[in-house]
Structures are given as structure tokens and as C-alpha cells.
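Have a look at the structure below before the remarks.
The values are calculated or read from the model by the stated rules, or taken from the named source; none is laboratory data. None of the values given here were measured: they were computed from a predicted structure. Cβ atoms come from the backbone with ideal geometry, glycine included; neighbour counts cover every protein chain shown. Just the protein is used for accessible areas: all its heavy atoms, side chains included, with ligands, DNA and RNA removed. Shrake-Rupley method; radii C 1.70, N 1.55, O 1.52, S 1.80 Å.
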Amino acid sequence: MSTTTRQIPPPSGDREPLKTNIFAFVQNSQSALAPLFPYVDEGAIVPCAATFRGAPGRRFGRFQHFNTVDEVLLVFGAEGALRQASGLVRVGPKLHMVTAPFEDPEREESVRVVAITQRQLIGKPHREEYRFVCDKCDRRLFVYEVDATPPQRGKQRETLGDYAPFITIAETYEAARRFNADPEARHCKHCGHDNPPFPIESWAWNTHIDQSAIAKIGHDSLTAATAAAARGREA
Ligand SMILES: [Zn+2]
């Protein structure tokens, strides 16, 4: 009988190892998707917290997501959720429907906390698509394509700048915003249904984008103050 020993190599030293508790993390996150850690360059492991809660009158809508890389789902908490119990792990198909998987999205007891993890490709293009489909006949209404190729290893700061929002969140928000602004796209050519705007407010991606801008502006001002102090010492 042969056995294989798999080993995780020690950290390489160019990225500080980080850890967090997903429940403590979601205490401070309003976005339905939020990266747990800031590393997105080549080879980085990128876990995001996906969190949902039902509420009276709440509607989540749905969209298809195509992702070049696999997404590994680990359900940490699920109450009132369809098919997905706490502790479940699965790899979804590259093209998958994204929605809140609740039997009843209007119940406050419906809660879900999931980690969705992808590994950034090395030296290969990474593409994503967000596709909105008709509520009535499921046909495709609107497609938004994104080049999500990660920065080269060690070049994240030069390529994206400081505290850039996670591209999947920023671009999903942009796709939904454009879909909502285009009544012609929301009118189904197949069945004639006029689809309502996508309920962006139920996903709150903009909170991640807005907080990223605050972090960047704050960090830039600290950098400027540090540089001014250094000039003062030289004078
Ligand atoms: Zn239709």
C-alpha cells in the first residue's frame, strides 16, 4: 500500500501570512462579497466572505457568473438556506448562477456565511463574465466581460495601486449599474418581459468600493504627511 504525503510549503516571505476569523470579519462588512485578505497577485489564494440575510420585502435577483478559475465554496453558517448546510465544501462549475439560496428571502432568520476561494493564475489570462438573464424565460439579456488577469507576482501595488477594490466586486457592480441604466437591455426580445432593475442594494458591493476609496485617500494623506515631515527634517 502506498501513501502520498502532501505538504504545504512554508510562506515564501514576500507576502506576510495573514489569518482572520470569518465571523469577526463579517461584523465589519456590509458587502455581499468581500475579500478576507488584500493579496490578488499571481499565485495568491483569494478567499472572499459571501454573506446574505433575508429581510421583509428583500429581493436578491440573480445573474450568471463565468470565471476562468475554480471557486471553492466552504459554508461556515447556513440558516434557512437551500441545500447548503454548514460545513459543506464544493467546487462550482465555471459558469454558475449567483443568487441568495434561501427558501424565503423575506425571513430575517435566513442567513448565510460562506467563504468563496479562488487561486490567482500564474502567467495566464483570467476572464470573467457577468450575464443578466430574463426573470420569465431565463434567456440572456446582457453580458459584461472583464479581463481579470492578476498583476504579476510582487507587482500588485505598481499595477493596481494601494487599496484597489477587488476586481470581481468592482466590475459586478459596474455591470449591474449599466444593466439597470439600460431599459432596452432589460426588455426581453424573446418573451417580451420588461425585467425590473437588478436589486444592487441587496448586495451592497458599493460599500467595498467606497471603503476602498476612503482607505486609499487616507493612506495617500499619511504618505504625503510622512514625506513632508522628512523634507522638514532635511531643511
Ligand atoms: Zn424573457
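Within the same chain, lysines fewer than 8 places from Lys124 are excluded, and of the rest, those with a Cα less than 17 Å from its Cα are Lys94, Lys155. Remark on segment 95-144: ratio of C-alpha radius of gyration to 2.2 N^0.38 Å is 1.59. Of the residues Glu108, Glu234, Glu171, the one with the largest accessible area comes first in the ranking Glu234, Glu108, Glu171, computed with a 1.4 Å probe on protein heavy atoms. For Arg90, the accessible area of its heavy atoms, probed at 1.4 Å with every protein chain present, is near 100 square angstrom. Here segment 1-159 has 51 percent of its accessible surface on carbon and sulfur atoms, given a 1.4 Å probe and all protein chains in place.
Computed with a 1.4 Å probe over protein heavy atoms only, the accessible surface of the chain comes to 60 Å² per residue. Calculated translational diffusion coefficient of segment 161-212 (20 °C, 1.002 mPa s; Stokes-Einstein with Kirkwood radius over alpha-carbon pairs) equals 174 µm²/s.
Label zone (Met97, point 7 Å along Cα-to-C-beta; backbone nitrogen cut-off 11 Å) within segment 127-143: 133-139. Other residues whose C-beta falls under 12 angstrom from the C-beta of Tyr173 contribute a net charge of -2, scoring Lys and Arg +1 and Asp and Glu -1. Here the label points at Arg107 and Lys189, each 7 Å from Cα along the C-beta direction, are separated by 4.1 nm in the simple model. Quick one: if you stick a label point 7 Å off each Cα along the C-beta vector at Ile122 and Lys19, how many nm between them? Calculated label separation equals 2.4 nm. Its relative contact order, with pairs defined as Cα atoms under 8 Å and 6+ residues apart, puts segment 34-109 at 35 percent. Close amide-amide hydrogen proximity is noted between Phe102 and Leu82, each under 5 Å apart and 5 or more residues distant or on a separate chain (H modeled in the peptide plane; Pro and chain starts excluded). Sites listed here are GluC sites (Glu not before Pro) in segment 31-105 whose DSSP assignment is loop and whose Cβ has at most 14 other Cβ atoms within 10 Å: Glu103.
Treating the Cα atoms of segment 99-235 as identical point scatterers in vacuum, please give the log10 of the normalised Debye intensity I(q)/I(0) at q = 0.13, 0.17, 0.21 Å⁻¹, two decimals. With no solvent term, the Cα-only Debye profile gives -0.80, -1.13, -1.33.
With only the Cα atoms considered, the chain has a convex hull volume of 185 Å³ per residue. Go through Ala181, Asn195, Ala230 and say which Cα lies farthest out towards the positive end of the charge dipole of segment 149-230; charges sit on Cβ, +1 for Lys and Arg, -1 for Asp and Glu. Towards the positive end, the residue furthest out is Ala230. May I ask for the angle, rounded to the nearest 10°, between helix 205-234 and the longest principal axis of the chain, with both axes built from Cα atoms and the value confined to 0 to 90°? Value to nearest ten degrees: 10. Largest accessible area first, the residues Val40, Val89, Val72 order themselves as Val89, Val72, Val40 under a 1.4 Å probe with ligands, DNA and RNA left out.
Note on segment 1-141: Rg/Rh from C-alpha atoms, Kirkwood Rh, equals 1.01. Computed as a quarter of the hull surface, the mean projected area of the alpha carbon convex hull for segment 37-100 stands at 5.5 nm².
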